[in-house]
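Report on the following structure.
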Amino acid sequence: MTPVPVPATVRDLASHRSIPKGESIFRVGAHAGHVFFLQRGRVVLHRFGPAGEEVVIHIADAGEFFAEASLHADRYHCTAVALRDSEVAAISSIDLGARIQSDPRFAMQWLESLSAQLRKVRARVERLSIRGTAERVRHLLLTEGSGKVPTYTLQGTARELAGQLGLTHEALYRALAAMQKDGTIGRTGKEIVLLR
């Protein structure tokens, strides 16, 4: 897959890193010195809950910024791990902050990017408050699906999707099978289509 180019407005600030699958980009508690742009691959941002359970905060796909909070934090509040071989552009938080302050046009583009990601996060929070598994899947298709007939393309594994939905992978598999059997969804390859 061809890497997504770093946005021209910050290309001069970026240094590039290749991260093998399973390796961390940063760990919770480490000095927060960079914001990252994912050019290729997939990255999970997570931390662990009180019972030791993994809590997925965000999964970044190619073309997304992540660790934006490092602009205003001394330490990273989560750990970022490559879910597959990845390429990232690391942008110094200090340099990015200076660019935002000095370039109003870029500042607006930065706000648009953050706003889009915030909308996704709000939809995810809303989805996690929904009780039924099938209802969570339906909400995902309606909020993140594309096209006239809502179609969601799975970017990673079904297990990763289950984590994003706050479900066990077994519960997700059962729900998808039941929804497909009753005609609520259709599935072809990595696509899930909401039929009714």
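The values are calculated or read from the model by the stated rules, or taken from the named source; none is laboratory data. Everything numeric here is computed off the predicted structure, so don't read it as measured data. Because the Cβ atoms are built from the backbone with ideal geometry, glycine has one as well, and the counts that use them run over all protein chains shown. Accessible surface areas use protein heavy atoms only, side chains included; no ligands, DNA or RNA. Shrake-Rupley method; radii C 1.70, N 1.55, O 1.52, S 1.80 Å.
Under a 1.4 Å probe, what is the accessible area of the chain per residue, stated in Å²?
On the way: 10960 Å² over 196 residues.
For the chain, the per-residue accessible area is 56 Å².
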Q.
Straight-line reach from LYS181: which lysines fall under 28 Å, measuring Cα to Cα and dropping same-chain residues less than 8 apart?
A. LYS148, LYS190
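Which of the helices in the chain meet the span-like rule: DSSP H, Cα axial reach of 24 Å or more, Kyte-Doolittle mean at least -1.0?
Passing helices, by number: 104-128.
Where does each of 8-14, 125-131, 54-60 land if you order them by average Cβ count within 10 Å, highest first? Provide the component values of the computation, followed by the final result.
Details: 8-14: 14.7, 125-131: 12.1, 54-60: 16.6.
The packing order, highest mean first, is 54-60, 8-14, 125-131.
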Q | Cα-based Rg of region 111-163 normalised by 2.2 N^0.38 Å, two decimals | A | 1.18
Q: Multiply the residue gap between LEU154 and VAL55 by 0.36 nm, knock off their C-alpha separation, and tell me the result in nm, one decimal place.
A: 33.7 nm
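Does region 26-104 come out rounded, prolate or oblate by the C-alpha gyration tensor, with a ≥ b ≥ c the root eigenvalues, rounded set by a/c under 1.5 and, if not, prolate when a/b is larger than b/c and oblate if not? Before the final figure, lay out the partial values.
Working: a/c = 2.51, a/b = 1.40, b/c = 1.79.
In terms of gyration-tensor shape, oblate.
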Q. Per the 1.4 Å probe, what fraction of the accessible area of the chain, in percent, lies on carbon and sulfur atoms?
A. 55
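Grab the other residues whose beta carbon is less than 11 angstrom from that of VAL193, score K and R as +1, D and E as -1, and report the net.
Numbers: positive: LYS148, ARG187, ARG196; negative: GLU191.
Summing Lys and Arg as +1 and Asp and Glu as -1 gives +2.
Report, please, the projected area of region 1-50 averaged over directions, based on the convex hull of its C-alpha atoms, in nm². It would help to have the intermediate numbers written out before the result.
On the way: hull surface 18.9 nm².
Over all viewing directions, region 1-50 projects a mean Cα-hull area of 4.7 nm².
What percentage of all Cα-Cα pairs in region 143-196 are separated by more than 15 Å?
Values: 685 of 1431 pairs.
In whole percent, the share of Cα-Cα pairs in region 143-196 beyond 15 Å is 48.
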Q.
Cβ neighbours within 10 Å, averaged per peptide: list 114-120, 80-86 in order, most packed at the top.
A. 80-86, 114-120
Q: Under a cut-off of 12 Å between alpha-carbon atoms, report the aspartates and glutamates in cross-link reach of LYS21, not counting same-chain residues fewer than 8 places apart.
A: ASP85, GLU87
Q. What list of ³J(HN,Hα) values in whole Hz, one per residue of region 66-73 in order, does the Karplus curve 6.51 cos²θ - 1.76 cosθ + 1.60 (θ = phi - 60°) give from phi, with Gly and Pro shown as x?
A. 8, 6, 5, 5, 5, 4, 10, 9
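Could you quote the convex hull projected area for region 40-164, Cα atoms only and averaged over all directions, in nm²? Display every interim value, and only then the final one.
Numbers: hull surface 38.1 nm².
Convex hull of Cα atoms, orientation-averaged projection: 9.5 nm².
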